[in-house]
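Presented below is the structure to which this report refers.
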Amino acid sequence: MSWRGTKPFLEPVDDTALVLSTLPSMLELFQTYFAQAPAFGWNAFWISQSLMLVALGCDLVSWQCQQRRVILMWLTVSTIFIGTHLMLLEEYTAGTLIYISTLRFITSIFTTNAKFMWGFLVLILVVAGLTYEKPIDLIAITANVIFNYAAFRPNDKTLRLWTMLGTSIWISFNILIFTPAGIFLESVFLLSNLAGYYRYYIRGTKNLT
């Protein structure tokens, strides 16, 4: 039996038409997402986003520094802006936890004693218990516990791995609370960490073999 001249089981799909057909749904999704902004008040929202751009600038400067104390000083300034940005968005649990991170960075300038990890962990849990308002706060709490653990890792490799995990969780939190500048900052931070990890622990290992 010949199949010549018969109609194929699957019709060819016009990729352009398929893409165009999805545009209305995509636009509606973006409109719904960006419609959340007025809930915070436009002034507070735009100020918060501006603060995140300043924080990104501080992070970029820190990545160019070599001295550990200088890096931590810039990260301390960055977390102050990040915490204030969260307060403006009325995310009080997350904002307070970021301020605790500021204290942790300041402490790390002077000591790397792992005993401080447990002190900050207790502080995180106490503050979380006192300020907890909604289930989404659990994401911020989880990320901060991971960041706290990462800060006291004994070597750069495990520090990077745990930090990347915490950053991934924090990006999801930023998406849910609607902070585009926050999503951008944390995404840049994650990509930078991934690039550094690849450079030192993947490509570097291959070059040694």
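Below is a table of values for the structure above.
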{"read-out": "Positive minus negative residues near Y92 (Lys, Arg vs Asp, Glu; Cβ under 10 Å)", "value": "-4"}
{"read-out": "Most to least packed among 102-115, 162-175, 80-93 [average Cβ atoms within 10 Å]", "value": "80-93, 162-175, 102-115"}
{"read-out": "Per-residue Cβ neighbour rank within 10 angstrom, fewest leading, F147, F152", "value": "F152, F147"}
{"read-out": "Size of charge dipole - the range 41-208 - debye, nearest 20, with Cβ of Lys, Arg +1 and Asp, Glu -1, no other charges", "value": "820 debye"}
{"read-out": "When the convex hull of its Cα atoms is projected in every direction, mean area for the range 41-208 (nm²)", "value": "9.6 nm²"}
{"read-out": "Selected from S62, L86, Y99, residue furthest toward positive end of dipole (the range 55-162; charges at beta carbon)", "value": "S62"}
{"read-out": "Dipole of the range 126-209, positive end: most advanced residue of G129, N144, L191 [Cβ charges, Cα centre]", "value": "L191"}
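Read-outs: derived from the displayed coordinates by stated rules, not from any lab. Note that the structure is predicted; figures quoted are calculated from it, not measured. Here Cβ is always computed from backbone atoms with ideal geometry, including for glycine, and neighbour counts include all displayed protein chains.
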